[in-house]
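The values are calculated or read from the model by the stated rules, or taken from the named source; none is laboratory data. Note that the structure is a prediction, hence the values are computed from the model and not measured. Cβ placement follows ideal geometry from the backbone for every residue including glycine, while neighbour counts extend to all protein chains displayed.
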Amino acid sequence: MLELAVLGLLKEKSMHGYELKKRLDEQLGHFWRISYGSLYPSLKRQAADGTIEISSPQGETSRRKNVYHITPKGEAAFTDMLESGGVNIADRDQFMLRFAFSRYMKPETRKRLLEGRRGYLQERLLAMSASLKRMRDRMDEYSQELMQYGLNETEHDIRWLTDMLAAEESGRGTAKKKKKSSAARERVATRPRRPRSANRTPKGLVDNPTAPRTGLPSAQGKPAGL
């Protein structure tokens, strides 16, 4: 799993080890925590495998100064790992990790991943509901609340997956939404502005010769109204 995450982030840009760890925490830390003790050995193994390469600016040898780059072999390995059907769909972390990089998947692979996870959760929901119904009389109120929380969470995830699949089916994927939004902003930015008229009256001034002109000099040089 860590190899997939590292290659996926390096695919976006090359990074120092510290920045890579920070990105792992920011993008994946809400469901999966990575330590430096596991990250650097993984980087070393991947460098030995040829999926990444390491450069040290100005001869530096510190791990914090090393810059890590994905190689063509790493690009191919990342695609193979992402497209493979070997993911354990019952493992939430494995599902979430692959979903984090689903923009790189083929549409059919992404759909298969979402359908697989939803099917597993639907079966799990039925089993949890049956267990709660069977054991309710033998459980205290706190245990019941805990099981109900699990049911609610599973139902939420099923609805979310169903919405994602509906978006895929209708061709309204996240990437297409972003592309459409970007195109709309670009059209607004390039829309020609209407030129200001040379005869346009500045806002706040009256452009009416018959309107009263209180406080302005009269034709005889006397203040109006005197």
Whichever residue in segment 61-74 is at pLDDT 90 or above and not aliphatic (A, V, I, L, M) and, among such residues, is surrounded by the fewest Cβ atoms within 10 Å (Cβ to Cβ)
PRO72
Which listed residue, of GLU168, GLU83, GLU145, GLU75, is farther than 26 Å from ILE34 by Cα and more than 19 Å from the chain's Cα centre (by Cα):
GLU145
Filter result for SER129 (without any contact (Cβ under 8 Å) to a residue 40 or more places away in the chain and either in the same structural domain as ASP163 (by TED's automatic domain parsing) or outside any loop (DSSP other than H, G, I, E, B) (or both)):
yes
Restricting attention to segment 75-104, which residues are surrounded by 14 or more Cβ atoms within 10 Å (Cβ to Cβ), under 29 Å from GLU53 (Cα atoms) and out of contact with any Lys or Arg (no Cβ under 8 Å at 6 or more places or on another chain)?
ALA77, THR79, MET81, GLN94, MET96, LEU97, ARG98, PHE99, ALA100, PHE101
Taking the stated definitions as given, is THR51 β-branched (Val, Ile, Thr), out of contact with any strand residue (DSSP E or B) (no Cβ under 8 Å at 6 or more places or on another chain) and not assigned by TED's automatic domain parsing to the domain that holds THR154?
no
Restricting to segment 112-124, and then to whatever is in contact with a Leu (Cβ under 9 Å, 6 or more places away or on another chain) and surrounded by 17 or more Cβ atoms within 10 Å (Cβ to Cβ), can you tell me which residue is nearest to ASN152 (Cα to Cα)?
LEU121
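Of all helices (runs of 4 or more DSSP H) completely enclosed by segment 1-114, which ones contain at least 3 residues that are within 30 Å of LEU161 (Cα to Cα), among the charged types (D, E, K, R) and without any contact (Cβ under 8 Å) to a residue 12 or more places away in the chain? Quick ask: steps written out before the conclusion?
Numbers: elements: 2-12, 17-28, 36-49, 72-83, 92-100.
Passing ranges, in order: 17-28.
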